[in-house]
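Working notes, beginning with the structure itself.
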Amino acid sequence: MNINLKPYQEKAVGQLIAKAVELLDFDGPGETLVFQAPTGSGKTIMTAKFIEGLIKELPNDDICFVWMSIGKGELHLQSKHSLERVFAGFPRVTLAEEEFSGGRERIVQNEVVVANWEKLRSKDSKTGEWKVLLMKDGEKLNFRDVLEKTREQRKIILIIDESHTNATSERAQELRQIISADLVLEMSATPRLMPTAAQLFETKAGFVKVNPKDVIEEGMIKKELIINEDIEKIAKSEEDSQTAVLEASYRKRIELKKAFEKEGSNINPLVLVQIPTAEAGEQKIEVVKKFLSEKGITEKNGKLAIWLAEQKSDTIDWISEPDNEIEFLIFKQAIDTGWDCPRAHILVKFRETHNIVFEIQTVGRILRMPEQKHYGSEALNRGYIYTNLQSISVKKEEYNPNIIKHLKATRIKEYKPIKIESYYKARADYGDVTSSFHSVFEKVANDYFGIKKGEKIKDNIKIVETKGINLNIKKYQQELIADTFLDAKSFDSLEGKIDAESLAKLNAAADELQLFFEEVIKSNLGPFKNIKRSVPTVKTAIYLWFNKSLGAESWSDPSLFTQQIFLYPKNKVHFEHILSKAIGQYVGVKAQEVKQRVEESEQRYSFELPVEIFYNEHTDEIVKTKKYSHEPCYLNTDRSNPEREFEKFLNDNASKIEWWWKNGENKQDYFGIKYEYADSISTFYPDYLVKLSDGRLGLLEVKDSGDRDGKTYTKAKAEALQKYIAYSGNKKLFGGIVIERNHEWLINDKKVYNWEKCEHGDWDEWNQLIY
């Protein structure tokens, strides 16, 4: 399967492979490699690519993999299917319960065996006997015997999916000891066991972490989760809190559906309704069903589904489809960790207690973005939680502390529209060859051979054979040096190339053939430096041309024979020429594609300060300040010291200020300006917007007097800011870079920003910032 990994995924896979190689080389008991990645970041795909990469990295090592899925459901089947889609045939994926119930002795080299952790570890509480046949003693080999025999020949790498669940319990530890893996990879968004500094230093453990910020920026998960948005307005018109909560979720779903339609997307947003597990839950189900029925949402018309231990709607199997008609799903138990339904957008939580702690694992089911991208409408980039609890506390999440937001600040009544234009764009280029290369390669190859559109495959075969291509390649043979003798007496004086006295021709193994094929592609990628993303795309282009022009899809092993024909020495000269020429032509195509992507993702819109902003108690703090734009004033706890000092300066000058606002970044809720640096178009978010009493509006970026980026990024931003102000035609607009020096705040608002002068002690181009 051709999967283009996101940059953060490529980085994580590379780190996992490097750490695994290092730990496997360490001569000791089974080391642990902890892989921490946020919900929705693609842990399964990254780990699958890690398995592929490790096999390639250690071609001479005899290894196999045991993949353990946590949970009582069928997540191990979901894991198996996901791995098979990624691997596309190699390595082989098997189910422990199907393959090792007495018929096989060992796990073979590179095989990935998937098992259910809960089923394997379960024992009778009275007798202590294993419950599942797979683990029981008997006439046939059980899975414990298989593991023991496997360890005699090869290393076992144990992969524990969602390891935080209960992989540290006593029974789980017993199972880990039975497997006795040479390396344990623990995957989790919130791992319980973290390696110590000493373990990392002594190569007894490894740790790889995916930054949630990178996952959000790539559009994989939602930017934030809002609790009880606009609930006060709805509560006034409803009889009770639970009806208000349901009504709020109902209205929000309609709003999101319209927003998706406006974006040209067919996503049908789903509301998850979680009810208590106690007896009160039965009453809640009836209340919810009655409310939804009055809205025309029932099981009968397919818009409502129920997922309980004792009841499961027939329609639920297709609920994950983007345009599935189910609008509400009622469930009692927390949906299994790992359950994947990216269109789930809203969570309603009913509890019999008065207080609940919200954490990522609780609400992870509404974190994913349905199309792995963010939208122009910020409402679609958020998840929504509605609850009728009297009090809420949000647990501090170490791996993504700012995503659940329940504290609200409202824009002050004195605010008047500022009517300024803001800029926003999504990332458009990864320096890779994309699927648009397919048509370029096809045209170049057809032109080279003289193949015309609509020709029959048998005619195409004659044409390419006439051109000198040999299609009758049964096996690709590799020439090796053979029977060449070196004189020991003159060994020290040998230098340069040693000529072979004879050559031996040996058949290349399938995995070697793949490597040779990829090496040819890598050496012809030209300016496209993102090899990991480009090679799969180019391979697909070549396969598609062979299928379409030469009928390769009817061959017994299309990919293998394509590689053999491509690499055959006399053929390779032709195909390398075609590939090189296609890449050359594609440069222009890609440039236009990137330009179009930038233009499509660019948004310029009239900007006003948000009416409401939501915050998190662990990452934001209430600040007592004067003239802030929102009440109460919440500011991020990790803002810089220069920013804190500037805020004191604003307070000291409050009499001359109407309001001031701390800007954010990477969202349309914040004010942005287009700027370019190093041939890349980006968005600059000035730190502060300050409205003065005389009507002027300042766009101010705070820097330290020792700014390391003064000649690079800061220069590009400063000059882009001045262009923006000049082109706006707004005489009330001013701005620039502001720095505190000798207890005074200075501003630079010059068209050309010259930091070099400052480095030499010349601050003549800076003026005192006086309000």
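Here, each number is a calculation from the coordinates, and none is a lab measurement. Keep in mind it's a predicted model, so treat the numbers as computed, not measured. No Cβ is skipped: glycine too gets one built from the backbone with ideal geometry, and neighbour counts run over all protein chains shown.
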Report task. Stick to Cα atoms and the Kirkwood definition of Rh, then tell me Rg/Rh for segment 692-771. Result -> 0.96
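First select every other residue whose beta carbon is under 10 angstrom from the beta carbon of Val184; then total the charges, Lys and Arg +1, Asp and Glu -1. Mind showing how you got there, number by number?
Working: positive: Arg176; negative: Glu31, Asp182, Glu186.
Neighbourhood net charge equals -2.
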Requested in this report: Relative to the compact-globule scaling 2.2 N^0.38 Å, provide the ratio for the alpha-carbon radius of gyration of segment 187-279.
Outcome: 1.69
Report summary line: Taking max minus min of the Cα coordinates of segment 539-606 on each principal axis, largest first, gives extents in Å of 59, 25, 16
Query raised in the report: If we count every other residue with Cβ under 14 angstrom of Asn641's Cβ, Lys/Arg +1 and Asp/Glu -1, where does the sum land?
Result: -4
Query raised in the report: Out of every Cα pair in segment 626-771, what percent are spaced more than 22 Å from each other?
Result: 38
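Full extension from Thr540 to Asp679: what is 0.36 nm times the residue separation minus their Cα-Cα distance, to one decimal in nm? Working shown, then result.
Details: separation 139, 0.36 × 139 = 50.04 nm, distance 2.94 nm.
Answer, rounded to one decimal: 47.1 nm.
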Report task. Please give the FRET efficiency for Asp638 paired with Ile316, using the beta carbon to beta carbon distance and R0 = 56 Å, rounded to the nearest 0.05. Result -> 0.85
Query raised in the report: With labels modelled as points extended 7 Å from the Cα through the Cβ direction, what inter-label distance (nm, one decimal) is found for Glu263 paired with Ser705?
Result: 4.7
Query raised in the report: What lysines could a cross-link reach from Lys213, if we take a straight Cα to Cα line under 18 Å and drop same-chain neighbours fewer than 8 places away?
Result: Lys6, Lys11, Lys43, Lys222, Lys223, Lys373, Lys396, Lys405, Lys425, Lys667
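Let's test the formula: R0 of 22 Å, r as the Cβ-Cβ distance of Glu553 and Ser436. What FRET efficiency results, to the nearest 0.05? Mind showing how you got there, number by number?
Details: r = 22 Å, r/R0 = 1.01.
After rounding, the FRET efficiency stands at 0.50.
Of the peptides 583-589, 414-420, how do they stack up when ordered by the mean number of other Cβ atoms within 10 Å, highest first? Intermediate results must be reported in sequence, preceding the final value.
On the way: 583-589: 16.3, 414-420: 13.0.
The densest-packed peptide leads the list: 583-589, 414-420.
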Requested in this report: Would you mind getting me the FRET efficiency between Glu593 and Glu57? Use the beta-carbon distance for r and R0 = 35 Å, nearest 0.05.
Outcome: 0.60
Query raised in the report: Any idea how far apart Ala654 and Arg604 come out in nm if each label point goes 7 Å out from Cα toward Cβ?
Result: 3.8
**Report entry** Prolate/oblate/rounded call for segment 177-228, Cα gyration tensor, a/c under 1.5 rounded
**Finding:** prolate
Requested in this report: Extending each Cα 7 Å along its Cβ direction at Lys452 and Ile531, get the distance between those two points in nm, one decimal.
Outcome: 4.2
Requested in this report: Report the full-extension gain for the segment Lys467 to Asp764: residue separation times 0.36 nm, less the Cα-Cα distance, to one decimal in nm.
Outcome: 99.8 nm
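Between Phe26 and Glu282, what is 0.36 nm times their sequence separation minus the Cα-Cα distance? Round to one decimal in nm.
Working: separation 256, 0.36 × 256 = 92.16 nm, distance 5.53 nm.
Roughly 86.6 nm would be gained on extension.
In segment 517-607, which GluC sites (Glu not before Pro) fall in coil by DSSP and have 16 or fewer other Cβ atoms within 10 Å? Working shown, then result.
On the way: sites: Glu518, Glu519, Glu553, Glu576, Glu593, Glu599, Glu600, Glu602; in loops: Glu602.
Qualifying residues, ordered by number: Glu602.
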Report task. Mind putting together the pair-distance distribution for segment 54-96? All Cα pairs, 10 Å bins, whole percent per bin, short to long. Result -> 25, 48, 24, 4
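Report the Stokes-Einstein translational diffusion coefficient (µm² s⁻¹, integer) for segment 590-656, Rh taken as the Kirkwood radius over Cα pairs, at 20 °C with viscosity 1.002 mPa s. If you can, show how the numbers build up before the last one.
Details: Rh = 15.3 Å.
Answer from the Stokes-Einstein relation: 140 µm²/s.
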**Report entry** Evaluated at q = 0.15, 0.28, 0.29 Å⁻¹: base-10 log I(q)/I(0), Debye formula over Cα of segment 671-736
**Finding:** -0.48, -1.30, -1.35
